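Scroll down for the structure; my scribbles are underneath it.
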Amino acid sequence: MNQKLTVFIEYKVKPDIIEQYEAHMQNVLIELMKDGARNTSWLKALDQDSLYVESFDVEGSEVYHSLKQLRLLKGHSVYGPLDQMISGGLSKLHCWAFEKKGE
């Protein structure tokens, strides 16, 4: 049985292309669901300009590692364009998975 993990992805978007980024994120959210993400959430920080966080659940570490690799592929048709939108490119996309504790 796979354990449900919650994934957080954090990055800063180049301020001059936020509108383009936000339009593209609709495609990213759809692609995430195709790739096994559930309960997706997309957030913008109030106190840090252009900082965004995505969160979602996945079933197990295999799905997490697969999705993490996909998100860092510059050649991916949906995730790859983020390389030009994120400050510092995809190398500045930070991704972590967490398991629930305490229940």
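The values are calculated or read from the model by the stated rules, or taken from the named source; none is laboratory data. Owing to the predicted nature of the structure, the values given are computational and were not obtained by experimental measurement. Heads up, the Cβs are rebuilt from the backbone with ideal geometry, glycines too, and the neighbour counts pull from every protein chain shown.
Details
- Of all residue pairs spaced 6 or more apart or on separate chains, those with beta-carbon atoms under 8 Å, a first member in region 6-27 that is charged (D, E, K, R) and a second member that is in a helix (DSSP H, G or I) and modelled with pLDDT of 95 or more are LYS12/LYS92; LYS14/TYR21.
- Counted as qualifying within region 1-67 are the strands (runs of 3 or more DSSP E) with 2 or more residues that are aromatic (Phe, Trp, Tyr), namely 4-12, 51-59.
- Filter result for the condition that a residue is within 20 Å of GLN26 (Cβ to Cβ), of a type in the set (S, T, N, Q) and in contact with a helix residue (DSSP H, G or I) (Cβ under 7 Å, 6 or more places away or on another chain), over SER50, SER77: SER50
- Put simply, of ASP49, ASP35, ASP57 the only residue that is modelled with pLDDT under 95 and of a type in the set (Asp, Glu) is ASP49.
- Going through (1) of a type in the set (D, E, K, R); (2) under 17 Å from LEU93 (Cα atoms); (3) surrounded by 14 or more Cβ atoms within 10 Å (Cβ to Cβ); (4) in contact with a helix residue (DSSP H, G or I) (Cβ under 6 Å, 6 or more places away or on another chain) one by one, GLU22 falls short only on (4).
- The set of residues from region 1-16 being of a type in the set (A, V, I, L, M, F, W, C), crowded, with 16+ Cβ neighbours inside 10 Å and under 22 Å from LYS74 (Cβ atoms) comprises VAL7, ILE9, VAL13.
- Check on GLU99, loosely packed, with under 12 Cβ neighbours inside 10 Å and touching a residue at least 12 places away in the same chain (Cβ under 8 Å): yes
- Considering only residues in region 25-60 that are among the aromatic types (Phe, Trp, Tyr) and over 14 Å from PHE98 (Cβ atoms), the one that is surrounded by the fewest Cβ atoms within 10 Å (Cβ to Cβ) turns out to be TRP42.
- Here LEU93 fulfils each of the conditions (1) touching a Gly at 6+ places or on another chain (Cβ under 6 Å); (2) in contact (Cβ under 8 Å) with a residue 40 or more places away in the chain; (3) over 23 Å from ASN2 (Cβ atoms) apart from (1).
- All conditions in (1) closer than 17 Å to VAL7 by Cα; (2) touching a residue at least 12 places away in the same chain (Cβ under 8 Å); (3) of a type outside the set (A, V, I, L, M); (4) in contact with a strand residue (DSSP E or B) (Cβ under 8 Å, 6 or more places away or on another chain) hold for SER66, with the sole exception of (4).
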